[in-house]
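None of the figures in this text is laboratory data; all of them are computed from the coordinates on show. The model shown is predicted, which means the values in this text are computed figures rather than measured ones. Glycine gets a Cβ as well: all are built from the backbone with ideal geometry, and neighbour counts include every protein chain shown.
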Amino acid sequence: AQSVTQLGSHVSVSEGALVLLRCNYSSSVPPYLFWYVQYPNQGLQLLLKYTTGATLVKGINGFEAEFKKSETSFHLTKPSAHMSDAAEYFCAVSDLNSSASKIIFGSGTRLSIRP
Amino acid sequence: KAGVTQTPRYLIKTRGQQVTLSCSPISGHRSVSWYQQTPGQGLQFLFEYFSETQRNKGNFPGRFSGRQFSNSRSEMNVSTLELGDSALYLCASSATGEANSPLHFGNGTRLTVT
């Protein structure tokens, strides 16, 4: 069965520093990949997705992620953290012939930003 | 376009009671899914409705049920509430319901069972 691993349940960076949130998936067939963000008392919001094509995907709020098939990874980065980036981030995968609802979410990484 | 709307935002119920949660998807979206989010278990899939039919179901007891109306609005019902049902319940809609179609989430209903 497909699985998603997010390394680090909590990441803390200084404002202006690089943000790196790690995500690895288990499928031997490249799936569809997503990053979602959840702010306190809100639902999840799509940051970016990889389906086909360019392996470097740009999303909202300055985030980007690179699909690396050889490493089965889809790490999320942002060059310079902002206080407003403090939230929980979820990596998720969908198998190619599945449905949107059967998406598998990682356990989440809480990002804290130090002033 | 208006986003996914969930009502109510907060609910407090007593063990043994039943509860109904409501979700209005983005206009034109035919797929509506429900998820339970708890600190211990994370996000768990409850069920998906597409064109008024339950298309997929997660691993939850029969106390959890749902339905979808012809206008794509969906309701979720939990009967005989247990303390462990306390959670954030999230509804999400998808334009096509296909694997590459992102989910659009509402802000959730926070259910507390006492």
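For segment A:1-55, the set of chymotrypsin sites (Phe, Trp or Tyr not before Pro) satisfying both a DSSP loop assignment and a count of at most 12 other C-beta atoms within 10 Å is empty.
Sites listed here are GluC sites (Glu not before Pro) in segment A:20-115 whose DSSP assignment is loop and whose Cβ has at most 10 other Cβ atoms within 10 Å, and the list is empty.
Rounded, prolate or oblate: which one fits segment A:4-115, using the alpha carbon gyration tensor with axes a ≥ b ≥ c (rounded when a/c is under 1.5, else prolate when a/b beats b/c, else oblate)? Working shown, then result.
Values: a/c = 1.90, a/b = 1.59, b/c = 1.20.
It comes out prolate by the Cα gyration axes.
Each part gets one Cα centre, and for segment A:33-65 versus segment B:38-54 those centres are 21 Å apart. Relative intensity of chain B on a log10 scale, I(q)/I(0) at q = 0.15, 0.19, 0.22, 0.23 Å⁻¹, equals -0.58, -0.93, -1.23, -1.34, per a Debye sum over C-alpha point scatterers of equal strength in the absence of solvent. Here the calculated FRET efficiency for B:Arg9 and B:Gln54, from their Cβ-Cβ distance with R0 = 30 Å, stands at 0.75, rounded to the nearest 0.05. Taken over the alpha carbons of the protein assembly as shown as equal point scatterers, the Debye sum produces base-10 log I(q)/I(0) values at 0.13, 0.14, 0.18 Å⁻¹ of -0.77, -0.88, -1.33.
Scattering from segment A:67-115 was approximated by placing one identical point on each alpha carbon and applying the Debye formula without solvent; log10 I(q)/I(0) at 0.21 1/Å stands at -0.89. Straight-line cross-link partners of B:Lys1 among the lysines, defined as a Cα under 22 Å from its Cα and at least 8 positions apart when in the same chain: A:Lys49. Taking other C-beta atoms within 10 angstrom as a stand-in for reagent exposure, B:Leu83, A:Leu47, A:Leu7 fall in the order B:Leu83, A:Leu7, A:Leu47, fewest first.
Over segment B:1-107, what is the relative contact order in whole percent, taking alpha-carbon pairs under 8 Å and six or more residues apart?
Details: 238 pairs, mean separation 36.4, N = 107.
For segment B:1-107, the relative contact order is 34 percent.
The modelled label-to-label distance between B:Ser79 and A:Lys69, using points 7 Å beyond Cα along the C-beta direction, is 5.0 nm. By other beta-carbon atoms within 10 Å, ranking A:Lys78, B:Lys13 with the fewest at the front produces B:Lys13, A:Lys78.
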